[in-house]
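Data block below; observations after.
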Amino acid sequence: MSKYHDPALYRSTWRAYVRALLVRVGFKGVVRSAVTQKIIVHPKVKKVRGAFLLVANHSSHLDAPMLTQGLPFAQGKYLSTGVAREYFFDIWYRRIFVRALFNAFPIDRDGSRKHSGITRTLLTAGVPVLVFPEGTRSKTGKMAEFKPGAASLAITENIPVIPAALIGAHEAMPKGRSWPKPGKPPVGVVFGAPMRAEEGESALSFNARIQEAVGTLKTQNYLAIMGTQPPEEQAS
């Protein structure tokens, strides 16, 4: 078991406040210099306490910064997210970057199981976790099918899911770009009302409801953020 299984590493108060300063002040200024940002938060999000899963669509490297900055501090100060170990954690300066800004933990994508189980360990310890259930960034902006792992975790750990929709991130900074397009394009994140699995509900059923919630948030708020109706291929 690696040192990254220790929940204390993610629940450090002083690290949380340093991270807030870096992300919500410093890095937020960088993001706002490149895009026109809008954040919408459902009032019930601010009532969530303890562990939860933040579940969002994924199409850009802007996604994690937008979500981290937009979530209210009380809910987001310990928010953690898994990142590819071989890309982020095996290179020291990338590891420092993601640990400092996103409270990140490593995910093995090469068949190794050295870091398996960290997500469940963190949730059990009360640490909220960001999950992109599509598994990878969309190349088109259209949402792919959600994998049911997050829904299954929410059921077994008896925790809520906060659905979130990223809007305009793909248009501003699609996969393959290292910086947003010129002109400060509009980008928004919408946090929806927390969800829980119904009694006896299967992971597949709950997963379908989560995906529908994210898709609905995206469609219903697209006009307010982008100024146009969503293209048909991104309406789902």
Can you give the convex hull volume per residue for the Cα atoms of the stretch 1-90, as a whole number of Å³?
132
Two decimals is fine: what's Rg over Rh for the stretch 181-236, C-alpha atoms, Kirkwood radius as Rh?
1.10
So how far apart, in nm, are the two label points at ALA125 and ILE91 if each is 7 Å from Cα heading toward Cβ?
2.7
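How large is the direction-averaged shadow of the alpha-carbon convex hull of the chain, in nm²?
Working: hull surface 49.3 nm².
Directional mean of the projected Cα hull area for the chain stands at 12.3 nm².
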Extent along principal axes [Cα atoms of the stretch 80-218; Å; largest to smallest]:
48, 37, 25
Which three lengths, in whole Å and largest first, does the stretch 143-236 cover when its Cα atoms are put on their principal axes?
48, 26, 21
Could you tell me how far the Cα centroid of the stretch 1-73 sits from the Cα centroid of the stretch 161-228, in Å?
15
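In whole percent, and with a 1.4 Å probe on the protein chains, what portion of the accessible area of the stretch 1-104 is carbon and sulfur? Walk me through the intermediate numbers first.
Details: 3060 of 4950 Å².
Carbon and sulfur atoms account for 62 percent of the accessible area of the stretch 1-104.
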Past the 29 Å Cα-Cα mark, which pairs from LYS44/LYS175; LYS28/LYS218; LYS47/LYS114; LYS38/LYS77; LYS3/LYS44; LYS47/LYS142?
LYS44/LYS175; LYS47/LYS114; LYS3/LYS44; LYS47/LYS142
State whether the stretch 34-85 is rounded, prolate or oblate according to the following rule on the C-alpha gyration tensor (a ≥ b ≥ c being the square roots of its eigenvalues): a/c under 1.5 gives rounded; otherwise a/b larger than b/c gives prolate, and the remaining case gives oblate.
oblate
List the longest stretch of the chain that has no exposed loop site; here a site is one of the trypsin sites (Lys or Arg not before Pro) assigned by DSSP to anything other than H, G, I, E or B, with at most 14 other Cβ within 10 Å.
50-108
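The values are calculated or read from the model by the stated rules, or taken from the named source; none is laboratory data. Values in this document were obtained by computation on a predicted structure and should not be read as measured data. Every residue, glycine among them, receives a Cβ derived from its backbone with ideal geometry; neighbour counts consider all protein chains shown. For accessibility, only protein heavy atoms count, side chains too; no ligands or nucleic acids. Shrake-Rupley method; radii C 1.70, N 1.55, O 1.52, S 1.80 Å.
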